[in-house]
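Heads up, the thing below is written out as structure tokens.
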Amino acid sequence: DIVMTQSPNSLAVSLGERATINCKSSQSVFYSSNNKNFLAWYQQKPGQPPKLIVYWATTRESGVPDRFSGSGSGTDFTLTISSLQAEDVAMYYCQQYYSSPQTFGLGTKLEI
Amino acid sequence: QVQLQQWGAGLLKPSETLSLTCTVYGGPFSGYSWKLIRQPPGKALEWIGEINHRGNTNYNPSLKSRVTISIDTSKNQFSLKLTSVTAADTAVYYCTGGSSGWWSEHWGQGSLVTVSS
């Protein structure tokens, strides 16, 4: 199985500041035949199911604010929130769908 | 707007079978990939398996011997059975799916299943 390692485990950022969450896969999730990284990011607020925010490592899901952006390739990925808002407080998970079984990181808790 | 509604027994005894049914409303069913994902209390997400509208399945090897995912396209439903449950199977179980077959763009509300004697 591909192991997804997120860092940090938790992060406190001031309102309006930048938040950066990292995700490293134990092997590359880049598929050369379609030039895409098989990686997604989810946001989960307490008592709610996860919400897809980024797929193909860099593509924002429809309706997700443009302050969220994904970057990276191969084994190293980053989710950036450019200007933290109060409603962004949540757990964030990365997921690889390059190989079965799909696997998730342990999550990063983002706080104000 | 695709919505997933899910239901199943919330409290099970060890060795019983977990059953969860998910109904899809408001969008395409055929052509989508449907998945089951679980989250033990305070822990990370775990992919259980998936099924497509043709009934083709793919399971997490860690659960494969105990898992069956089935589909009923006439009812826009898919279902999970997990046999011989133990306390380690205590989790919130989510029905998910989407058009991509890769990520989960639609999620049910989650069902807490507790295994306790």
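Readers should treat all values here as calculations from the given coordinates under stated rules, not as data from a laboratory. Note that the structure is predicted; figures quoted are calculated from it, not measured. Every residue, glycine as well, gets a Cβ built from its backbone with ideal geometry; the counts of neighbours run over all protein chains shown.
How large is the dipole of chain A about the Cα centre if only Lys and Arg carry +1 and Asp and Glu carry -1, each at its Cβ, rounded to the nearest 20 debye?
It works out to roughly 100 debye.
Working from the alpha-carbon coordinates of chain A, get Rg over Rh, Rh being the Kirkwood radius.
The Rg/Rh ratio comes out at 0.95.
Could you give the size of the charge dipole of chain B about its Cα centre, using +1 on the Cβ of each K and R and -1 on the Cβ of each D and E, expressed in debye and rounded to the nearest 20?
My answer is approximately 160 debye.
If you stretched the chain out fully between B:SER30 and B:HIS53, how much longer would it get, using 0.36 nm times the residue separation minus the C-alpha to C-alpha distance?
Extra length available between B:SER30 and B:HIS53 comes to 7.8 nm.
For B:LEU112 and A:SER83, FRET efficiency with R0 = 30 Å and r from the beta-carbon atoms, rounded to 0.05?
So the FRET efficiency works out to roughly 0.30.
Evaluate peptide B:48-60: per residue, the Cβ atoms of other protein chains within 10 Å of its Cβ; return the mean as an integer.
1
Lys/Arg Cβ at +1, Asp/Glu Cβ at -1, dipole of the protein assembly as shown taken about the Cα centre: which of A:VAL29, A:SER82, B:TYR32 is farthest positive-ward?
B:TYR32
Evaluate the distance, in nm, between pseudo-label points positioned 7 Å from the Cα of B:LEU11 and of A:ASP76 along their respective Cα→Cβ axes.
Simple spin-label model gives 5.1 nm for this pair.
Check A:LYS51: other-chain or 5+ apart residues with amide H under 5 Å from its amide H, H built from backbone geometry?
Here A:GLN43, A:GLN44 satisfy the definition.
In which sequence would A:CYS23, B:CYS95 go, from the one with the fewest C-beta neighbours within 10 Å to the one with the most?
If I rank by nearby Cβ atoms, fewest first, I get A:CYS23, B:CYS95.
Any idea how far apart A:ILE112 and A:SER26 come out in nm if each label point goes 7 Å out from Cα toward Cβ?
3.8
For a 31 Å ceiling on Cα separation, which of these pairs sit above it: A:LYS109/B:LYS13; A:LYS24/A:LYS45; A:LYS24/B:LYS13; A:LYS109/B:LYS75; A:LYS24/B:LYS75; A:LYS36/B:LYS64?
Pairs exceeding the cut-off: A:LYS109/B:LYS13; A:LYS24/B:LYS13; A:LYS109/B:LYS75; A:LYS24/B:LYS75.
Using the count of nearby Cβ atoms within 10 Å as a rough guide to exposure, how do B:LYS35, A:LYS36 rank from fewest to most?
A:LYS36, B:LYS35
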